[in-house]
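The values are calculated or read from the model by the stated rules, or taken from the named source; none is laboratory data. This structure is a prediction, so every number in the text was calculated from the model and none was measured. Here the Cβ is made from the backbone with ideal geometry for all residues, glycine too, and neighbour counts use every protein chain on show. Just the protein is used for accessible areas: all its heavy atoms, side chains included, with ligands, DNA and RNA removed. Shrake-Rupley method; radii C 1.70, N 1.55, O 1.52, S 1.80 Å.
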Amino acid sequence: MNTTAPRRTQVLSLLAVAPLLALLMFRLRDVFRDEVAAALPDATEQEVSLGTWAAVAAGSVLNVLVYTAGVLLIAAATAGLCRGLGCDVEFRRLRHLVGGVFALYLVARTVVLVALTFTPVPSASLMDWSTRPDPGLLLLALATGWVLRKTAPELGALRVAGCAIAPPLLLALAQIAL
């Protein structure tokens, strides 16, 4: 089976999320400034500014790395679960399909967060919201289930539901643990 389209979706989504995360970190720089000022109370304004920009840059890079690793790990775990439950589709195709859905979810979630930074919602509330499981995980489960149902018709409804709940469950557990 051809895995080019699902792999392309996954890669392009991860490439799209990188500048969005950089924009998000830039828009939340006042939160970073407050944290740097609290951590370095005797720092000059230039030192606080340098620390803020370092935090923005590090946050952008680290978030992209975490998003990429999360997509790869969660997609592989979900594909393994589906194969274990009797899916006949090859592992690599499943991994790319689930990874594409999950990466698109992360792009959509990041777009929402970036859009919210242009509203009067306090940045601290956005930072708090961005680290907690959200209702959008239900959309991730539904989209994953829809893709699996179309790709692996041999799986029954309960098996598809079991596979589809894996990405949001793993993401929620990771968000709670961190």
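What pairs come out if I take residues in segment 4-18 that are touching a residue at least 24 places away in the same chain (Cβ under 8 Å) and pair them with residues that are aromatic (Phe, Trp, Tyr) and in a helix (DSSP H, G or I) whose C-beta lies under 9 Å away, six or more apart or interchain? Correct list of pairs: Gln10/Phe102; Ser13/Phe102; Ser13/Tyr105; Leu14/Tyr67; Val17/Tyr67; Ala18/Tyr67.
Conditions tested, residue by residue: (1) open to solvent by less than 80 Å² (accessible area, probe 1.4 Å); (2) within 14 Å of the chain's Cα centre (by Cα).
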{"residue": "Thr9", "(1), (2)": "yes, no"}
{"residue": "Ala18", "(1), (2)": "yes, yes"}
{"residue": "Leu23", "(1), (2)": "yes, no"}
{"residue": "Arg29", "(1), (2)": "no, no"}
{"residue": "Val36", "(1), (2)": "yes, no"}
{"residue": "Leu40", "(1), (2)": "no, no"}
{"residue": "Glu47", "(1), (2)": "no, no"}
{"residue": "Ser60", "(1), (2)": "yes, yes"}
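Under the condition of being closer than 13 Å to Leu24 by Cα and either in a loop (DSSP other than H, G, I, E, B) or under 13 Å from the mean Cα position of the chain (by Cα) (or both), the residues counted in segment 120-134 number 1.
Look at segment 27-42: where a residue is over 12 Å from Met127 (Cα atoms) and a partner is part of a helix (DSSP H, G or I) and open to solvent by 70 Å² or more (accessible area, probe 1.4 Å), sitting 6+ places away or on another chain with Cβ atoms under 7 Å, you get Leu40/Glu47.
As for segment 81-94, it holds no residue that is of a type in the set (A, V, I, L, M, F, W, C), open to solvent by 20 Å² or more (accessible area, probe 1.4 Å), within 13 Å of the chain's Cα centre (by Cα) and modelled with pLDDT under 95.
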